[in-house]
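**Q** Before we start, here is the structure in question, set down as structure tokens.
The values are calculated or read from the model by the stated rules, or taken from the named source; none is laboratory data. This structure is a prediction, so every number in the text was calculated from the model and none was measured. Reconstructed Cβ throughout: ideal geometry from the backbone, glycine too, with neighbour counts over all protein chains shown. In case anyone asks, the SASA skips ligands and DNA or RNA and just uses the protein heavy atoms, side chains included. Shrake-Rupley method; radii C 1.70, N 1.55, O 1.52, S 1.80 Å.
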Amino acid sequence: MEKLNGKKKLRVSVFISGRGTNLKSIINFSKRKSSPFKVVLIITNNKNAKGINFAKKNKIKYLFVNYKNKNNAESKILINLKNNNISFICLAGFMKILSKKIINTYKNKILNIHPSLLPKYKGLNTHKRVIKNKEKFTGCTVHLVNSKLDEGKIILQKKVRVLKKDNENSLSKRVLKIENLIYPRAIKKFINSNL
Ligand code: GRF
């Protein structure tokens, strides 16, 4: 069993729907000896999510959950989280909204990353709206998940300057780099202060 300072490493599950750059950075960080957590289960609602490749490459268990029936999907998720002794969950580009069934079972144990300086720009298409509103700064936020969309206690947030020449694509690329940087750090901070 892997340990850090005599303590068992916490077992985390990462939920994804797409390309998985945040998953990749979480996995890479977790491979360090000094990481207090390890990624043991990846869950996706999208069979074709590119991010699954990082699971395969790192021999991490992954599970596809069909969301045709949300209630059944969440039951399957809960069973698998329990069977794998998952301590906390990281949402990383997971495009489904969790219901209270999961949120209450893992109360204050679900993190999410959002590409804006919350509480500003909740929801989708953040970069487009930021540019339209001529904001000087945007950024990204790792926060706890509660039953309201993109709310919950902020764990870590970082600002990114919006350049005059930025379009949605260039801005999202720059913010994503910072997302990838802060997500593992936020997890560490969360573990040290909440678990
Ligand atoms: C990120 O921009 C994240 O903030 C948002 O979805 C995107 C996921 O990107 N919630 P990736 O799949 O981690 O590359």
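**Q** With a 1.4 Å probe and every protein chain kept in, tell me what percent of the accessible surface of the chain is carbon plus sulfur.
**A** 50 percent
**Q** Can you name the helices of the chain, as whole DSSP H runs, whose Cα span along the helix axis is 24 Å or more and whose Kyte-Doolittle mean is not below -0.5?
**A** Taking the DSSP H segments of the chain (at least 24 Å long, mean hydropathy at least -0.5), we get 168-194.
**Q** Let me ask something additional. In what sequence, largest accessible area first, do 163, 91 appear using a 1.4 Å probe?
**A** Ranked from most to least accessible, the order is 163, 91.
**Q** On to the next question. How large is the accessible surface of residue 185 in square angstrom, using a 1.4 angstrom probe and rounding to the nearest 10?
**A** Spelled out: residue 185, probe radius 1.4 Å, area about 130 Å².
**Q** Under the Kirkwood approximation for Rh and a Cα-based Rg, what ratio Rg/Rh is obtained for the chain?
**A** With Rh from the inverse mean 1/r over Cα pairs, Rg/Rh is 0.96.
**Q** Going by amide H atoms built from the backbone, whose H comes under 5 Å of the H on residue 15, apart from near neighbours?
**A** 43, 90, 91, 92
**Q** I would also like to ask the following. Taking 8 Å as the Cα distance limit and 6 or more residues as the minimum spacing, I'd like the relative contact order of region 77-190 as a percentage.
**A** About 23 percent, as a whole number.
**Q** Here's another thing I want to ask about it. Over region 1-76, what relative contact order in percent results from Cα pairs under 8 Å that are six or more residues apart?
**A** Relative contact order, region 1-76: 29 percent.
**Q** Continuing with this model, one more query. Grab the beta carbon distance between residue 31 and residue 64, set R0 = 30 Å, and tell me the FRET efficiency rounded to 0.05.
**A** 0.80
**Q** Once the other residues with Cβ under 13 Å from the Cβ of residue 97 are scored (Lys, Arg +1; Asp, Glu -1), what is the net sum?
**A** Residues close to residue 97 contribute a combined charge of +3.
**Q** Next question. Taking Cα centroids, how far is region 107-134 from region 168-191 in Å?
**A** Taking the Cα centre of each part, region 107-134 and region 168-191 sit 12 Å apart.
**Q** With a 1.4 Å probe and every protein chain left in place, tell me how much accessible area residue 47 has, in Å² to the nearest 10.
**A** The accessible area comes out at roughly 140 Å².
**Q** Also, quick follow-up: Taking every alpha carbon pair in region 25-129, what does the distance histogram look like in 10 angstrom bins from 0, in percent?
**A** Bin by bin from 0 Å, the calculated values are 12, 42, 36, 10, 0.
**Q** So which of 8/82; 38/82; 9/177; 33/61 end up more than 22 Å apart, counting from Cα to Cα?
**A** Violating the 22 Å limit, Cα to Cα: 9/177.
**Q** Another one. With θ set to phi - 60°, apply the Karplus curve 6.51 cos²θ - 1.76 cosθ + 1.60 along region 8-14 and write out the HN-Hα couplings as whole Hz, x wherever there is a Gly or Pro.
**A** Here the 3J(HN,Hα) series is 5, 5, 6, 9, 10, 10, 10 Hz.
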